[in-house]
Amino acid sequence: MKSLILSAALAALAGGASAEGVKVGMITTLSGGGAGLGIDVRDGFMLAVKQSGRDDIEVVIEDDQRKPDIAVQLADKMIQSEKVDVMTGIIWSNLAMAVVPATVAQGKFYLSPNAGPSALAGKGCHPNYFNVAWQNDNLHEAAGAYATSAGYSNSFILAPNYPAGQDALTGYKRTFGGELAGELFTKLGQTDYAAEIAQIRASGADSVFFFLPGGMGISFLKQYADSGIDIPVVGPAFSFDQGILQAVGDAALGVVNTSQWSKDIDNPTNAAFVETFQAEYGRLPSLYASQGFDTANLLISALATASPADADAFRAALKAADFDSTRGDFAFGPNHHPIQDIYAREVIKEGDVFTNKIIGVALEDHADAYAAECKM
């Protein structure tokens, strides 16, 4: 497999900079059903590197094909042969569980732009592991809180049977104040949901919560709309994000979803990010693009004061999170996972484009439930 090596071939950033640069290994999903997610993480990350003006950040990018064994092989190659300092990029939690523990055990830093499995937030936390997105449960906890505030009392819930799916249903149940009409785990990558929709129809539910990222969510929403079931749907942003909405179309209009990011968060960094991402790539950014952008800017902020060669100083610089996030306020908790607001958004249409608008804050300054188990 041929590596794609990209670097910011621009003048060095004016102002403070570390004496040494960094080599970043990005393993992400660039082909198959989840490719849009990985492409957006990559594009957001590389936009931040380009805007930094630094010519000493080298990024080696590989496609994991959404396969854990491929991701492990690529990680070994990057650490042993490419001699990377920092790794990033993984979308899927089962791949993160296959790669991250071995990466940090070898003294490398891992900055997650997406996957946040509970196992790495609690007892499996590590000083060299930072999650710049969220812990997996968080957006689902916000969905449960919103559903409760909306008066729903009998939800049917479903998600794929892999670590992020398991965390999703755990998170929803943690904050939902009602009863469950049903609970299902589907297959990862599933595209036919006729059986699940039949169960929902017969369940007596007053609401449906689902976590089905990427193509899974597109398939489910289209089939759900075609079924004629008139039960409100609530979900996390992963199934209602910018790259998915255009494929879903009218079936998504009016659906409330939860996210720590939205293109209409009102701060100068986010406004500039949305404008420049659209100018660079010809499309609106997604949740994943914002996470890639923030991950790169966290890295760049740490490099301004320390090199990865000085692990203690570099770790402290990452922990400080001294960068302007697209989300506004951003801070790490004691387990290196974000403490942040999570919003309720509604799917709308602006001209010919389906997108989201913020309708309220579902959870304020929210931390994850596993930090107390982290002993670092």
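Assorted remarks:
- Residues of the range 303-332 satisfying the condition of being in contact with a Ser or Thr (Cβ under 6 Å, 6 or more places away or on another chain), closer than 28 Å to LYS263 by Cα and not aliphatic (A, V, I, L, M): ASP322, PHE323, ASP324, THR326
- Options GLY124, GLY116, GLY89: the member that is at pLDDT 95 or above, open to solvent by less than 40 Å² (accessible area, probe 1.4 Å) and in contact with a Gly (Cβ under 9 Å, 6 or more places away or on another chain): GLY89
- Those residues of the range 220-236 which are of a type in the set (Asp, Glu) and part of a loop (DSSP other than H, G, I, E, B), in sequence order: ASP230
- Residues of the range 245-268 satisfying the condition of being crowded, with 19+ Cβ neighbours inside 10 Å, closer than 21 Å to PRO113 by Cβ and out of contact with any helix residue (DSSP H, G or I) (no Cβ under 6 Å at 6 or more places or on another chain): GLN260, SER262, ILE265
- Output for the range 159-172, where each listed residue is assigned to a helix (DSSP H, G or I) and in contact with a strand residue (DSSP E or B) (Cβ under 7 Å, 6 or more places away or on another chain): GLY165, ALA168, LEU169, TYR172
- Qualifying residue in the range 173-193 (condition: at pLDDT 95 or above, open to solvent by less than 10 Å² (accessible area, probe 1.4 Å), within 27 Å of PHE45 (Cα to Cα) and not in a loop (DSSP other than H, G, I, E, B)): no
- Test: residue in the range 42-60 that is charged (D, E, K, R), open to solvent by less than 10 Å² (accessible area, probe 1.4 Å) and in a loop (DSSP other than H, G, I, E, B): yes
- Among residues of the range 286-317 being of a type in the set (Asp, Glu) and within 20 Å of HIS126 (Cβ to Cβ), the one that is surrounded by the most Cβ atoms within 10 Å (Cβ to Cβ) is ASP310.
- Members of the range 194-208 found to be among the hydrophobic types (A, V, I, L, M, F, W, C), over 24 Å from the mean Cα position of the chain (by Cα) and outside any loop (DSSP other than H, G, I, E, B), listed by number: ALA194, ALA195, ILE197, ALA198, ILE200, ALA202
The values are calculated or read from the model by the stated rules, or taken from the named source; none is laboratory data. These numbers come from a predicted model, not from an experiment. Positions of Cβ are generated from backbone atoms using ideal geometry, with glycine treated the same way; all protein chains shown enter the neighbour counts. Accessible surface areas use protein heavy atoms only, side chains included; no ligands, DNA or RNA. Shrake-Rupley method; radii C 1.70, N 1.55, O 1.52, S 1.80 Å.
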